[in-house]
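Report on one structure; see the data block that follows.
No value in this document is a laboratory result; all are computed from the given coordinates. All values reported here derive from a predicted model rather than from experimental measurement. Here Cβ is always computed from backbone atoms with ideal geometry, including for glycine, and neighbour counts include all displayed protein chains.
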Amino acid sequence: MRDPNAIDFWRGFALVTIFINHIPGNTFERYTFSQYGISDAAELFVFLAGWSIGIATRGRDGKPEPAVKSVVRLLARTVEVYRAQLTVMLLALALIAGAALLLDNPLILEWHNAGGFFADPIQSVCGMALMTYQLGFFNILPLYVVLIGIAPIFVLVGRVSLIASAALSGGLYLASLVFEWNVPSWPGEGDWFFDPFCWQVLLVLGFVLQGWNLRSDTLRRWSRRLIPAGLAIVVLGIVLAVTGIRPDPLMVPEPRLLFTFEKTYLTPARLLHFLGVLLAFAPLYALLAPRIGAVGRYLSQLGRNSLAVFSMGSILSLIGQLVRFQTGGGVLVDMLVAGSGLVGLGFTAWFVEWRTRNKSSRPRP
Amino acid sequence: MTRVRRSGTRWALAALILAALEPAAAAEQPVDTGDQPSLSQECRVPGAQLYTMAKLGAVRSALGENRPLKILAIGGSAAPGASASYPAKLEAALERALPKTDVTIDHRGLPGEIASGASERLRTMVAEAEPDLVVWQVGTHDAIARVDADAFASSLSEAVAWIRSHGIDVVLVDPIYTASMAADVDYNRIVDAVRTVAAQQEVPLVRRYEALHYLSSRTEKGEGHMLGRQFRLNDLGLRCMAEHVALTIATSLARTEAEPAPKIAPAAPPLTEPQRAPG
């Protein structure tokens, strides 16, 4: 088992934040950092996934493993995430349908757009397999499948030149913003909640920065120098989030997406804010780690098993929502829901590690 | 899920016959001539319980300029049985109600709470679709998430004011009625909040809750539903949605026409209204 480290710690932190934010309206939501900035835990999660791809496909000395091995490794991971997405979707739909039947309340069928599935199962089940049918809050894993699926391109280009890899990714990102490229939803109109053409830029950024970080000291030196800039961005983000000031998507000049704050397209404002958060908070782990003991170990353990924990977190947050709905919520219920959820996440991570204790524990993307 | 579906032709025929037989459903409305869509037998609800009216300036000017009418329909699922039948039915019902008008409908789901992220997504959708009219089924997600009704109302009010400030009309549709929620205080406060916002922002409201409540008292008999009575009522509500929305739009439009409508700035937010502080 890997020892607790910064990447796993922040990943665990992002997982807990996502879990809390996926129980909308709960008391603890306002204590998550997502409420105080333009970007949120999704950015952190995807960036760290990219960083982890770097760790998984390169040795400690920065030498990449054989190309074929990287490609197969990423392919295996893609299959694994896809399998998780199908399982989680099926369980979520069953939870929603089961709750509606049990409580004799068809209102519940509309939860997270599940109504579309029950209204039109013939097309929806195809859409589910294609991942073009997504439930609200169950849309990160489809993004993750696509991102890891296309990651081999950037990893292979990155073996030749990391700058070329970053340029390719940045070019695709800008083009998607200008031409509003996205993957369509089906059945039903609209597009993916997380536009993979835009969000890939964060994954590749994580991968490229991990490579530079291994290679030389320059990145570390600059990230130290830029801490004040990061802090300034964080403060600006807090002000904008608290005051609710944001650009009006019907008033900004064309191309619109360069100026708005939309999560779907990871618009430049969100990306910039995330980089600010990264600069400001990345050094924090070294300061925190010796002081927070068990919390650090807990979060790192979650981060090490991010796929299982994320999947279980989706299901637990849905159960939490149902419990809040049926009981009417309140601080006591919220404490119970969040508390048992966090225990559940910890148990999931422990269980996965217990089950695989005898197998190799290489870091996985 | 099994249920008996009427065929399209039968439905259209029934609508035609009813259109000929039935006087306008709107009680407080001067009886309109032929182009008011009447409700099919199973969906009939007295006008007072079905909707409140307000002017639809942007729709009126689109019709005046003989442009196709672009509608963004937000929220809710299609009626059981066929994909996207709510938007298709709404389009058909509106084209019947507004002859010689081409209606195009963009139907989008909007998961999440208006009081948190969803109102931002709404802005994106409106900016992408640039419609003349937004038909918005609102409140269900906030009710399910037990969002505070005041926070919901102020977010909704802000979102509606924003849409209207861009010269786009809004029709609100409140959440469904179902027996297990009838006594739920929070749920009723959300339904009331939608009504309050519609009145304050002067936008038409389809009172789906009231309409379904009315229908529920009437549908003791009729086709069975393997999942129980509340599910049957829900199916009926979904089937009737398009008709109810079309009728609300048509009667509101008739009223827009009856009074001298401001042509140039059709949907400037009313300055005299007490605006809630943006939340």
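What is the helix-to-structure angle for A:121-130, meaning the angle in degrees between its Cα long axis and the longest Cα principal axis of chain A, kept from 0 to 90 and rounded to the nearest 10?
10 degrees
Given Cβ point charges of +1 (Lys, Arg) and -1 (Asp, Glu) and nothing else, what value in debye, to the nearest 20, does the dipole of chain A about its Cα centre take? List each step's numbers first, then the result.
Working: 29 positive and 21 negative charges, 383 e Å.
Rounded to the nearest 20 debye, it is 1840 debye.
For peptide A:249-258, what's the mean number of Cβ atoms from other chains within 10 Å of each residue's Cβ?
Details: counts 10, 10, 3, 1, 0, 0, 0, 3, 2, 0.
Counting other chains' Cβ atoms within 10 Å and averaging over A:249-258 gives 3.
Can you list the residues, at least 5 places off or on another chain, whose amide H is less than 5 Å from the amide H of residue B:73, using H built in the peptide plane?
B:106, B:107, B:108, B:135
Can you compute 3J(HN,Hα) from phi for each residue in the range A:231-247, using the Karplus curve 6.51 cos²θ - 1.76 cosθ + 1.60 with θ = phi - 60°, rounded to whole Hz and x for Gly and Pro?
Result, rounded to whole Hz: 4, 4, 5, 4, 4, 4, x, 4, 4, 5, 5, 6, 7, x, 7, 7, x.
Using just the alpha carbons, could you tell me how many Å³ per residue the convex hull of the range A:42-106 encloses?
98 Å³
Relative to the Cα centre, what is the charge dipole magnitude of the protein assembly as shown, using +1 at the beta carbon of each Lys and Arg, -1 at the beta carbon of each Asp and Glu, and rounding to the nearest 20 debye? Walk me through the numbers before you get to the answer.
Numbers: 58 positive and 54 negative charges, 577 e Å.
Its charge dipole is roughly 2780 debye.
Can you list the HN-Hα couplings for the range A:303-315, worked out from phi with the Karplus curve (6.51, -1.76, 1.60; θ = phi - 60°), rounded to whole Hz and with x for Gly and Pro?
My calculation for the range A:303-315 gives x, 4, 10, 4, 5, 5, 5, 4, 4, 5, x, 4, 5 Hz in order.
Each residue of the range A:33-44 in order: what ³J(HN,Hα) in whole Hz does its phi give by Karplus 6.51 cos²θ - 1.76 cosθ + 1.60, θ = phi - 60°, with x for Gly and Pro?
5, 4, 7, 10, x, 7, 9, 9, 5, 4, 4, 4
Could you give the angle, 0 to 90 degrees to the nearest 10, between helix A:268-281's Cα long axis and the longest principal axis of the Cα atoms of chain A?
Helix A:268-281 sits at roughly 70 degrees to that axis.
If each residue's Cβ is checked for other Cβ atoms within 10 Å, how do A:312, A:335 rank with the fewest at the top? Write down the numbers at each step before the final one.
On the way: A:312 24, A:335 13.
Ordered from fewest to most neighbouring Cβ atoms within 10 Å, A:312, A:335 come out as A:335, A:312.
Considering amide H positions built from the backbone, and no H for Pro or chain starts, which residues 5 or more places from residue B:170, or on another chain, come under 5 Å of its amide H?
B:134
At a 10 Å Cβ-Cβ cut-off, how would you order A:306, B:154, fewest neighbours first?
Numbers: A:306 23, B:154 20.
Result, fewest neighbours first: B:154, A:306.
If I take R0 = 22 Å and measure r between the Cβ atoms of residue A:239 and residue A:179 in this structure, what FRET efficiency does the formula 1/(1 + (r/R0)^6) give, to the nearest 0.05? Show your work: numbers first, answer last.
Values: r = 32 Å, r/R0 = 1.46.
In this case the efficiency is close to 0.10.
Could you work out the relative contact order of chain A, using alpha carbon pairs under 8 angstrom and six or more residues apart, expressed as a whole percent? Working shown, then result.
On the way: 478 pairs, mean separation 114.6, N = 365.
Result for chain A is 31 percent.
Residues with amide H under 5 Å of residue B:103's amide H, sequence separation 5 or more or different chain, H placed in the peptide plane at 1.01 Å from N; which?
It is B:69, by chain and number.
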